[in-house]
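**Q** Let me give you the structure first, and then I'll get to my questions.
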There are 2 protein chains.
Amino acid sequence: MKLDEIKSLLDKVGEEYIEDLKDFLRQPSISARGEGVDACASMLREFMEKAGFRVEVWRMKDANPVVYGELYSSSSKTILLYGHYDVQPPEPLEEWSSPPFEAVESNGKITARGAADSKSNVMAIVKAVESYSKLGLAPSVNIKVLFEGEEEIGSPNLSRYVEAYKDRLKADAAICFDGGLDPKGRPELWLGLKGMLYVELRCRTARVDAHSSLAPLIENAAWRLIQALNTLRSPDGSILIDGWYDDVRVPTEDDLKLLEEVDYETLLAGLKSHFNLDKFLCGVERVEAVKKLLFQPTCNIAGINAGYTGPGVKTVLPRDAYVKIDFRLVYDQNPYKLLENLKKHLKAKGFEDIEVKALNFLEPSKTPPSAPIVRAVSIAASEVYQSKPQIYPNSPGSGPDYLFTKRLGLNSVWTGCAPPLSNAHAPNEYTTRDAFLKGILFVSSIMENYGCIEY
Amino acid sequence: MKLDEIKSLLDKVGEEYIEDLKDFLRQPSISARGEGVDACASMLREFMEKAGFRVEVWRMKDANPVVYGELYSSSSKTILLYGHYDVQPPEPLEEWSSPPFEAVESNGKITARGAADSKSNVMAIVKAVESYSKLGLAPSVNIKVLFEGEEEIGSPNLSRYVEAYKDRLKADAAICFDGGLDPKGRPELWLGLKGMLYVELRCRTARVDAHSSLAPLIENAAWRLIQALNTLRSPDGSILIDGWYDDVRVPTEDDLKLLEEVDYETLLAGLKSHFNLDKFLCGVERVEAVKKLLFQPTCNIAGINAGYTGPGVKTVLPRDAYVKIDFRLVYDQNPYKLLENLKKHLKAKGFEDIEVKALNFLEPSKTPPSAPIVRAVSIAASEVYQSKPQIYPNSPGSGPDYLFTKRLGLNSVWTGCAPPLSNAHAPNEYTTRDAFLKGILFVSSIMENYGCIEY
């Protein structure tokens with residue numbers, strides 16, 4: 001049993017692996033402002049070479065590098081593993097218990113920006129392969145890994161990389177290793193991701209801001225923007241734009257069946273307690289609430305600003321107002337098509353003056369529950385974590401999964417080894433030494449199980 | 001003719017007066033954040049003492065100082081002049097052609113925050129009195145001046161000062177010297193001011209901000225606030241709160257007659273060109289538009305903020321949103337009563353969770369067109385500016401005029417010497433050396449004319 005051998009190996013070299021993880025965490029790679037991204041890609045390349053990968057660093061103009069690695073075995077099957085080495089900005093710094101790029105360990109907890117999202121996932125893949133190498137073993141499947149450096153800014157260039165290297169990326173299935181464990185310590189598996197249309201709407205009503213005494217005569221940009229916004233969405237969250245739901249193909253019967261098996265009560269109770277909620281916006285509970293969470297297209301105001309927002313009294317009539325909106329999309333909505341619907345809607349409602357700027361497009365993705373890779377990951381999860389994995393037919397979040405499912409035509413599972421409630425995107429993000437070491441086993445087990453599944 | 005003597009004097013000392021004005025402009029006095037206010041009051045006291053006033057600086061707890069001055073002549077009549085030495089915040093700084101507190105002069109234009117609103121008005125009063133002193137003359141009327149330091153934050157403490165110093169402030173009429181010239185260079189006279197109710201509404205929907213993937217479950221505070229805002233006002237500007245218009249007593253027949261005499265075409269054309277407007281929000285033109293401007297109660301969003309408003313993509317679900325609203329009120333609406341109406345409205349519409357914080361209350365004011373002070377100011381305006389003044393039965397703006405009309409029982413005219421379209425409350429606010437020097441003559445002429453009117 002290769003997995004037992006790797007487990008024994010980890011008893012000997014686990015400490016060394018954890019030190020490598022900490023070095024990786026100490027290297028900033030903040031894609032939002034380009035900080036340390038190149039240095040982090042180089043460091044990752046070295047770790048991968050040490051692990052036994054044949055590595056290439058792909059570079060495209062105006063894009064962060066992709067670190068690509070291959071390891072061929074005698075298998076006829078190939079798995080493509082995706083991850084990202086970039087991290088969110090660490091701010092607000094004052095809320096961190098230790099500096100975000102020092103990777104301070106205390107009681108087995110390693111605190112750092114990127115510890116959970118997603119450097120421990122990346123390193124688990126690298127160290128799984130390194131373990132095979134150290135043991136002189138070959139995995140039961142050919143391995144390709146693609147680590148990008150722009151996931152935290154919406155993967156704006158990954159589609160160009162995937163298009164350019166399409167032939168190199170040929171595989172039989174994909175794993176996006178960028179997730180983690182649920183509050184009870186069970187791996188979560190996502191069989192699809194929501195898409196995204198991120199827009200900025202801007203309204204201008206005059207050449208300059210005005211004294212608010214002119215309110216009877218001059219249109220206030222904030223009021224006008226609010227009137228426009230009010231035509232987009234009902235208070236219950238449903239979207240009022242013509243044709244918005246035309247291409248929605250989920251949930252399927254299979255999706256709903258899968259949903260029934262999920263321990264959604266733990267998920268929902270955790271959310272209510274963390275956010276201090278009496279009830280959910282959608283007005284339903286239990287499985288119906290999870291259904292909304294996973295399959296409802298959303299129109300979220302991520303930010304709005306106009307006029308004077310400092311302390312005290314200022315009586316200005318703002319001539320300029322803007323709002324950032326993320327629309328999350330479900331299978332098989334198309335962000336490019338829906339951007340046109342949004343523009344048409346604003347025009348039809350008399351808001352043709354409102355400027356629409358699209359900042360990000362992600363298509364939704366879907367992998368059928370019956371796919372062999374789903375089975376392989378499930379078995380691996382049970383094997384390593386000794387509990388039933390939580391298999392979600394879709395994720396409430398978004399990501400570039402569609403590049404694997406739609407562009408490369410692969411079935412794909414999102415999963416990972418981050419610990420529960422690990423403060424991703426927030427201060428005091430952490431992983432644990434246990435979560436990381438188990439992650440190495442999880443990756444190894446996925447490779448073994450996928451290599452052995454007959455299909 | 002005292003006025004001719006003052007005019008000759010200005011040829012000699014005008015340059016000195018302008019340098020004093022620039023020094024005054026270089027002293028920040030941003031009441032919204034308390035910046036430089038005390039220093040500015042001290043500087044003003046010195047200017048007034050130099051001018052010949054007997055000066056007192058009145059101080060009350062948690063309030064900016066009032067600088068009060070008296071100058072007694074042998075007249076049986078007393079005029080109370082009001083002004084303010086505080087200024088609006090200068091932001092956005094990047095839109096200024098020269099720093100807001102450097103008072104850079106170019107082609108006779110002096111650019112500074114407060115140049116028009118209202119330090120050149122304050123200084124015109126001071127320099128008018130200084131001119132009498134320099135010439136060894138006495139004005140034809142006793143003079144009391146009250147300069148406050150909180151007008152730009154809605155004069156929250158002036159009523160306490162007026163109440164406490166009621167006896168000292170006894171007079172026969174009031175002039176609020178805080179206005180300016182119309183686009184054709186004619187003084188504008190306002191025979192009443194709108195009132196004000198300034199509120200901040202705040203909505204909170206969760207304990208912390210959430211990842212926007214949770215949008216189906218967690219109420220977005222920005223959306224909820226926008227839904228509430230949408231119940232307050234029609235797109236045409238009318239206010240949808242029960243009972244809002246119950247106490248409106250204007251325009252009267254006299255008001256409308258006065259309005260017909262105003263050169264509103266110049267006013268309206270000036271606004272359209274300055275703000276680059278095709279049409280007015282109210283949907284009407286000519287005298288009907290001026291009627292709206294002067295007598296329509298308004299609900300203006302002065303500022304709104306929620307979520308992430310920096311560059312690029314961030315997918316956050318804000319748990320907190322707030323908006324600043326100024327409601328302008330017309331005679332005889334009561335801001336305290338209407339605050340209750342607003343709270344009742346939000347409750348009735350299901351928004352009882354939205355927190356309402358009132359930041360300012362100003363009652364509307366009204367002075368009859370037939371009052372002697374109106375006649376005195378009109379004659380002075382014709383004398384100094386060689387053109388018919390523009391007498392408006394009401395102002396679109398707000399101020400503490402009600403303290404003079406309602407609390408002290410005086411007739412009161414708002415006027416001033418700021419140049420037309422001088423960017424008050426906006427970047428690149430300015431006055432001109434000509435506007436300032438004429439203002440000194442205007443103040444002098446008002447005092448002479450009011451001293452001589454029989455009533």
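**Q** Is it the case that the stretch A:147-161 has a residue that's among the polar types (S, T, N, Q), surrounded by fewer than 23 Cβ atoms within 10 Å (Cβ to Cβ), farther than 25 Å from A:Ala424 by Cβ and touching a helix residue (DSSP H, G or I) at 6+ places or on another chain (Cβ under 8 Å)?
**A** No; the residues of the stretch A:147-161 include none that is among the polar types (S, T, N, Q), surrounded by fewer than 23 Cβ atoms within 10 Å (Cβ to Cβ), farther than 25 Å from A:Ala424 by Cβ and touching a helix residue (DSSP H, G or I) at 6+ places or on another chain (Cβ under 8 Å).
**Q** Here is a follow-up. Which one of these is surrounded by fewer than 16 Cβ atoms within 10 Å (Cβ to Cβ) and either free of Cβ contacts under 8 Å to residues at least 60 places away in the same chain or among the polar types (S, T, N, Q) (or both): B:Arg33, B:Arg45?
**A** Checking each option against the conditions leaves just B:Arg33.
**Q** Separate question: Taking the conditions exactly as written (of a type in the set (A, V, I, L, M, F, W, C), out of contact with any Cys (no Cβ under 7 Å at 6 or more places or on another chain) and open to solvent by 50 Å² or more (accessible area, probe 1.4 Å)), does B:Ile379 satisfy them or not?
**A** yes
**Q** Continuing with this model, one more query. Among A:Lys184, A:Lys194, A:Lys170, which is the only one that is modelled with pLDDT under 95 and touching a Ser or Thr at 6+ places or on another chain (Cβ under 9 Å)?
**A** Exactly one residue qualifies, and that residue is A:Lys184.
**Q** Could you list, in sequence order, the residues of the stretch A:438-455 that are hydrophobic (A, V, I, L, M, F, W, C) and either in a loop (DSSP other than H, G, I, E, B) or buried (at least 21 other Cβ atoms within 10 Å of the Cβ) (or both)?
**A** Across the stretch A:438-455, the qualifying residues are A:Ile440, A:Leu441, A:Phe442, A:Val443, A:Ile446, A:Met447, A:Ile453.
**Q** For A:Ala174, only one of the following conditions fails: (1) open to solvent by less than 30 Å² (accessible area, probe 1.4 Å); (2) closer than 18 Å to A:Asp401 by Cβ; (3) within 14 Å of chain B (Cβ to nearest Cβ). What is its number?
**A** Exception for A:Ala174: condition (3).
**Q** Let me ask something additional. Can you name the residue in the stretch A:304-342 that is over 30 Å from A:Lys406 (Cβ atoms) and basic (Lys, Arg) and is also modelled with the highest pLDDT among such residues?
**A** Only one residue fits best here, namely A:Arg319.
**Q** Which one of these does B:Glu448 not meet: (1) within 25 Å of B:Gly270 (Cα to Cα); (2) touching a Lys or Arg at 6+ places or on another chain (Cβ under 7 Å)?
**A** (1)
**Q** Quick one: A:Arg224 ticks every box in (1) out of contact with any helix residue (DSSP H, G or I) (no Cβ under 9 Å at 6 or more places or on another chain); (2) more than 30 Å from A:Tyr392 (Cβ to Cβ); (3) facing chain B (nearest Cβ under 7 Å); (4) open to solvent by 20 Å² or more (accessible area, probe 1.4 Å) bar one, so which box is it?
**A** So the condition that A:Arg224 fails would be (3).
**Q** Among the strands (runs of 3 or more DSSP E) contained in the stretch B:288-393, which hold 3 or more residues that are within 25 Å of B:Pro420 (Cβ to Cβ)?
**A** B:298-307, B:390-392
**Q** Answer yes or no as to whether B:Val248 is more than 13 Å from chain A (Cβ to nearest Cβ) and surrounded by fewer than 21 Cβ atoms within 10 Å (Cβ to Cβ).
**A** So B:Val248 passes the test.
**Q** For the stretch B:203-286, please list each of the helices (runs of 4 or more DSSP H) lying entirely inside it that holds at least 2 residues being modelled with pLDDT under 95.
**A** The helices (runs of 4 or more DSSP H) meeting that bar are B:253-261, B:264-275.
Here is a yes/no grid of residues against (1) aliphatic (A, V, I, L, M); (2) in the same structural domain as A:Cys203 (by TED's automatic domain parsing):
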residue: A:Leu338; (1), (2): yes, yes
residue: A:Lys344; (1), (2): no, yes
residue: A:Ala371; (1), (2): yes, no
residue: A:Arg375; (1), (2): no, no
residue: A:Gln390; (1), (2): no, no
residue: A:Gly397; (1), (2): no, no
residue: A:Gly416; (1), (2): no, no
residue: A:Ala426; (1), (2): yes, no
residue: A:Phe436; (1), (2): no, no
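**Q** If I ask for residues that are open to solvent by less than 40 Å² (accessible area, probe 1.4 Å), in contact with a Lys or Arg (Cβ under 8 Å, 6 or more places away or on another chain) and among the aliphatic types (A, V, I, L, M), which ones from the stretch B:227-240 would you list?
**A** B:Ala228, B:Ile239
**Q** Does A:Arg168 count as out of contact with any helix residue (DSSP H, G or I) (no Cβ under 9 Å at 6 or more places or on another chain), more than 13 Å from chain B (Cβ to nearest Cβ) and touching a residue at least 24 places away in the same chain (Cβ under 8 Å)?
**A** The answer is yes for A:Arg168.
**Q** Go through (1) touching an Asp or Glu at 6+ places or on another chain (Cβ under 6 Å); (2) assigned to a loop (DSSP other than H, G, I, E, B); (3) small (Gly, Ala, Ser) for B:Ser98 and report which single condition fails.
**A** (1)
**Q** What are the residue pairs meeting all of these: first residue in the stretch B:336-357, first residue open to solvent by less than 30 Å² (accessible area, probe 1.4 Å), second residue at pLDDT below 95 and assigned to a helix (DSSP H, G or I), Cβ atoms under 6 Å, and 6 or more apart or on different chains?
**A** Sorted first by the residue in the stretch B:336-357, then by its partner, the list stays empty.
**Q** Return a yes/no flag: does the stretch A:305-322 have any residue that is closer than 21 Å to A:Gly237 by Cα and among the basic types (Lys, Arg).
**A** No.
**Q** Still on this structure, please answer the following. Can you tell me which residue within the stretch B:58-107, out of those that are over 23 Å from the mean Cα position of the chain (by Cα), surrounded by 18 or more Cβ atoms within 10 Å (Cβ to Cβ) and of a type outside the set (Lys, Arg), is farthest from the other protein chains (Cβ to nearest Cβ)?
**A** The residue in question is B:Ser75.
**Q** Hey, any hits in the stretch B:305-316 for a residue that's facing chain A (nearest Cβ under 7 Å), open to solvent by 10 Å² or more (accessible area, probe 1.4 Å) and over 22 Å from A:Thr298 (Cα atoms)?
**A** Within the stretch B:305-316, not a single residue is facing chain A (nearest Cβ under 7 Å), open to solvent by 10 Å² or more (accessible area, probe 1.4 Å) and over 22 Å from A:Thr298 (Cα atoms).
**Q** Let me ask you something else. Looking at A:Val122, A:Val104 in this structure, which one is in contact with a Phe, Trp or Tyr (Cβ under 6 Å, 6 or more places away or on another chain) and either of a type in the set (A, V, I, L, M) or at pLDDT below 95 (or both)?
**A** Only one candidate qualifies: A:Val122.
**Q** A follow-up question, please. Among the residues of the stretch B:386-405 satisfying the criterion of being out of contact with any strand residue (DSSP E or B) (no Cβ under 6 Å at 6 or more places or on another chain) and farther than 18 Å from B:Arg328 by Cα, which is surrounded by the fewest Cβ atoms within 10 Å (Cβ to Cβ)?
**A** Among residues in the stretch B:386-405 that are out of contact with any strand residue (DSSP E or B) (no Cβ under 6 Å at 6 or more places or on another chain) and farther than 18 Å from B:Arg328 by Cα, the one surrounded by the fewest Cβ atoms within 10 Å (Cβ to Cβ) is B:Gln386.
**Q** Same structure, new question: Name the one entry in A:Leu256, A:Leu268, A:Leu294 that is of a type in the set (A, V, I, L, M), more than 7 Å from every other protein chain (Cβ to nearest Cβ) and open to solvent by 40 Å² or more (accessible area, probe 1.4 Å).
**A** Matching residue, one of A:Leu256, A:Leu268, A:Leu294: A:Leu256.
**Q** In this structure, does A:Asp38 turn out to be farther than 18 Å from A:Leu158 by Cα and either modelled with pLDDT of 95 or more or open to solvent by less than 20 Å² (accessible area, probe 1.4 Å) (or both)?
**A** Spelling it out, it is not the case that A:Asp38 is farther than 18 Å from A:Leu158 by Cα and either modelled with pLDDT of 95 or more or open to solvent by less than 20 Å² (accessible area, probe 1.4 Å) (or both).
**Q** I would also like to ask the following. Mind checking which residues of the stretch B:18-63 are acidic (Asp, Glu), farther than 30 Å from A:Thr309 by Cα and not in a helix (DSSP H, G or I)?
**A** B:Glu56
**Q** Of the numbered conditions (1) buried (at least 24 other Cβ atoms within 10 Å of the Cβ); (2) touching a Pro at 6+ places or on another chain (Cβ under 6 Å), B:Pro420 fails exactly one; give the number of that condition.
**A** If we test B:Pro420 against (1) buried (at least 24 other Cβ atoms within 10 Å of the Cβ); (2) touching a Pro at 6+ places or on another chain (Cβ under 6 Å), just (1) comes out false.
**Q** Same structure again: Can you name the residue in the stretch A:191-207 that is within 11 Å of chain B (Cβ to nearest Cβ) and open to solvent by 40 Å² or more (accessible area, probe 1.4 Å) and is also nearest to A:Ala269 (Cα to Cα) among such residues?
**A** Only one residue fits best here, namely A:Arg204.
The values are calculated or read from the model by the stated rules, or taken from the named source; none is laboratory data. On a predicted model such as this, the values are computed, not experimentally measured, just so you know. Every residue, glycine as well, gets a Cβ built from its backbone with ideal geometry; the counts of neighbours run over all protein chains shown. Just so you know, the surface numbers come from the protein's heavy atoms only, side chains and all, with ligands and any DNA or RNA stripped out. Shrake-Rupley method; radii C 1.70, N 1.55, O 1.52, S 1.80 Å.
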